[in-house]
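*Asks:* Got a structure for you, written out below as structure tokens; questions coming shortly.
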Amino acid sequence: MQQNLVMLVDDDPMSNTYSTLVVKKQNPNTEVLTFNSGTSALKYLKDGANPKPVIILLDLNMPVMNGWDFMEEYEKLDLDIEVVVVTSSNDYEDRNRTRSFHRIIDYFVKPITVDNIRRLFLRNA
Amino acid sequence: MRAFLNVLLATFNRIIDSGVAEGSSVHHRYRIRSINSFCFFCPIISSPYLPIFYINKIYLAFWCFTIANLLFLTVIWANHKFKFLEAKLLMVFTSNMSVLLASLMLGIESGFHLYIFTAALFVFWLFENQQVRQVILTFFVYVVLYLLIFYHSNHYFPIYTFYFRIGGLSMYDLNVILSLLLTFLLFYNYFTYYKLITSDLLDKQSTLEREVGMRKRSEEETRKLFDDLSLSYKNLEQFSYVVSHNMRAPLANIKGFVSLYDKSRPGTEQNAQIVGYVETASNHLDDILSDLNFILRNRERALENKLELNFQTVVKEISQSLHTEIEATKATVTVDAHMEASIFTIKSALINILYNLVQNSLKYRKNFEDPKVHIGFDHSDNHTYCIKIADNGIGIDLTKHKDRVFKLYSRLNRNVDGKGIGLYLVKTQVEVLGGTIEIHSEPNKGTVFTIRLPK
């Protein structure tokens, strides 16, 4: 696991751009991988040669394979990378559903802030 | 003297009116008053005889008369207590007994038959038609007695010094004829009454059934309206949820980028980029609001009038509007419908539905195969129109996406441009026409949409 590597999974490229800016603002040394779909992200993670990120920021609302579909496939990989759900909705049911996946450690409402990222790294450290 | 007479008259009236209540009908009043009058006068008339009997030591007669008189007074008492049925039965019994006794006094030999006759008369006079049981009961009593007349000959019942003869009469005897007439009257009365109440009951039953039927129908209508309303409400809920949900994404981006804007150093490269991102996100937000407008305007189609349309003509119109796309993709659009086949529906809704579906078939075509769209129209069913739109495109994996196909903003293919509102609009239009839409599809094996519209 590469300690300064963060993975973003979001179909909205603008959202990814923003999140990248925020992560870099919190720590310019952090590297960011962005994926526009759950399938491409899973493909990356399945390949053992690829450096694993320390955290995955996952969007829920994506076409074809949404955040929940991704989580179901991700659990099958049995990797120990923790996941944070990042979404524009503060929906109670969505929050509840994160409890059913043990790798999800937090729930951020967009837009994420520098503080969010800082706390995340503090927890992980 | 006059005052005494007045008091007497008043008392008399009070007694006669026993059992007559405030709201009694004229008929009831007449009957009760007649019964009471009769029951009042009989004792008065026979009371002079009482001391005569007693003095002459005719104790049986004395006691019979006394008891009869008491029973008469009891009839008045029963009426007073509003026990009309008991009063009437008592009345029949006592008056019969009185007739018997009177014939005894007068020495009428065929007194027994007189008894039967008068008793029957009383029955007709006293009992209203509603009391069928009493009629039947009396009827049976008289059958028995009638048989006694014909089938027992010359029985003599000694009553003190008199004898009563029962039976042994000829057919020409007045009493016999009267008894036959009586039997006939009884039968007739019973059957006409029975017919009357049966037809009355049947009338009431059919009225009731009709009312129940009407109530059931209106209940069903109400339930259907309620179901429609519930569905509309559910659709509205889903719609507003999805739209507001989808507006949050660009809005979150705007908020985020604005927070990154460095106000202390306005001219930087990053700030310029951020302003650009904010602009894009705002446009995105605007798009979603336009979608909302568009979707809502589509719902107004429901208010348009229905027209008789030639199906082939409609398809030709659609092919013409999609003319550029059809040529560019080398597509073929075919129709399977009778030349004269027509459909009675809202024109703009039907065009919208078919246009969207055909456009989708062209958009989601296979890469190396010319798209073929086939539209079938079947109106052989008496109640529904059946429209099928089949294509040879890339298909949809329904095992994964069955629930999402018609949902608003649900996109199932990343490679093809689309907002995810096309099929949602198709479904709402179909629902506006009161119909249903089904999808059958497999990846790489094309798609078939089946639309059923009520006639």
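The values are calculated or read from the model by the stated rules, or taken from the named source; none is laboratory data. Predicted, not measured: the structure shown is a model, and the values here were computed from it. Positions of Cβ are generated from backbone atoms using ideal geometry, with glycine treated the same way; all protein chains shown enter the neighbour counts. To get the accessible areas, we keep the full protein, side chains included, count just its heavy atoms, and leave off ligands, DNA and RNA. Shrake-Rupley method; radii C 1.70, N 1.55, O 1.52, S 1.80 Å.
*Asks:* What pairs in B:Lys83/B:Lys204; B:Lys255/B:Lys419; A:Lys76/B:Lys400 have C-alpha atoms more than 25 Å from each other? Working shown, then result.
*Replies:* Values: B:Lys83/B:Lys204 29 Å; B:Lys255/B:Lys419 23 Å; A:Lys76/B:Lys400 17 Å.
B:Lys83/B:Lys204, as the Cα separations exceed 25 Å there.
*Asks:* Also, quick follow-up: For region B:321-374, state which chymotrypsin sites (Phe, Trp or Tyr not before Pro) are in a DSSP loop and have at most 14 other beta carbons lying within 10 Å of their beta carbon. Provide the component values of the computation, followed by the final result.
*Replies:* Values: sites: B:Phe344, B:Tyr355, B:Tyr364, B:Phe368; in loops: B:Tyr364, B:Phe368.
Hits after loop and neighbour filter: B:Phe368.
*Asks:* Moving to a separate point now. From the square roots a ≥ b ≥ c of the eigenvalues of the alpha-carbon gyration tensor of region B:223-327, which class results: rounded (a/c under 1.5), prolate (a/b over b/c), or oblate? Please report the intermediate quantities before stating the final value.
*Replies:* Working: a/c = 5.01, a/b = 1.78, b/c = 2.82.
Taking the square roots of the gyration eigenvalues as a ≥ b ≥ c, region B:223-327 is oblate.
*Asks:* Cα centroids of region B:271-304 and region A:1-53: how far apart, whole angstrom?
*Replies:* The two parts, judged by their Cα centres, are 29 Å apart.
*Asks:* Keeping all protein chains in position, work out how much accessible area A:Glu82 exposes to a 1.4 Å probe, and write it in Å² to the nearest 10.
*Replies:* 60
*Asks:* Using amide H atoms built 1.01 Å from N in the peptide plane, name the residues 5+ places from B:Asp397, or on other chains, whose amide H lies under 5 Å from its own.
*Replies:* none
*Asks:* If you average the alpha carbon positions of region B:306-328 and of region B:371-437, how far apart do those two centres end up, in angstrom?
*Replies:* Centre-to-centre distance over Cα atoms comes out at 17 Å.
*Asks:* Given H placed 1.01 Å from N in the peptide plane, which residues other than close sequence neighbours of B:Arg414 have an amide H under 5 Å from its amide H?
*Replies:* Counting only residues 5 or more places away or on other chains, the set is empty.
*Asks:* Further, regarding this structure: Please list 3J(HN,Hα) in residue order for region B:414-430, calculated via the Karplus relation 6.51 cos²θ - 1.76 cosθ + 1.60 where θ = phi - 60°; whole Hz, with x for glycine and proline.
*Replies:* 7, 7, 9, 5, x, 8, x, 10, x, 5, 4, 5, 4, 4, 5, 5, 4
*Asks:* What are the ³J(HN,Hα) values, in whole Hz, obtained from phi via the Karplus relation 6.51 cos²θ - 1.76 cosθ + 1.60 with θ = phi - 60°, for each residue of region B:230-237 in sequence order, with x given for Gly and Pro?
*Replies:* Couplings: 4, 4, 4, 5, 4, 4, 5, 4 Hz.
*Asks:* If you don't mind, another one. Each residue of region A:51-57 in turn: what ³J(HN,Hα) in whole Hz from Karplus with 6.51, -1.76, 1.60 and θ = phi - 60°, glycine and Pro shown as x?
*Replies:* Computed from phi, the couplings for region A:51-57 are x, 8, x, 7, 8, 10, 9 Hz.
*Asks:* Taking 0.36 nm per residue of separation and subtracting the Cα-Cα distance, what length does fully extending B:Lys419 through B:Lys224 add? Before the final figure, lay out each step's value.
*Replies:* On the way: separation 195, 0.36 × 195 = 70.20 nm, distance 3.40 nm.
Once the chain is fully extended between B:Lys419 and B:Lys224, it gains 66.8 nm.
*Asks:* So, one more: With a point put 7 Å past each Cα toward its Cβ, work out how far B:His27 is from B:Leu303 in nm, to one decimal.
*Replies:* Going by the 7 Å Cα→Cβ label model, 6.1 nm.
*Asks:* Right, another one. Please state the shape class of region B:388-455: rounded when a/c is under 1.5, otherwise prolate if a/b exceeds b/c and oblate if not, all from the C-alpha gyration tensor.
*Replies:* On the way: a/c = 2.07, a/b = 1.36, b/c = 1.53.
It is oblate, given that a/c is not under 1.5 and a/b is not larger than b/c.
*Asks:* Which residues' amide hydrogens lie under 5 Å from the amide hydrogen of A:Met62, considering only partners 5 or more residues apart or on another chain, with H built in the peptide plane?
*Replies:* Long-range HN contacts for A:Met62: A:Gly67.
*Asks:* Using the structure shown, select from B:Lys316/B:Lys455; A:Lys43/B:Lys372; B:Lys366/B:Lys407 the pairs with a Cα to Cα distance greater than 31 angstrom.
*Replies:* On the way: B:Lys316/B:Lys455 22 Å; A:Lys43/B:Lys372 34 Å; B:Lys366/B:Lys407 24 Å.
In this structure, A:Lys43/B:Lys372 exceed 31 Å between Cα atoms.
*Asks:* How high is the relative contact order of region B:339-398, in percent, with contacts defined as C-alpha pairs under 8 Å that are six or more residues apart? Present the calculation step by step, with values, prior to reporting the outcome.
*Replies:* Numbers: 51 pairs, mean separation 18.5, N = 60.
Relative CO of region B:339-398 lands at 31 percent.
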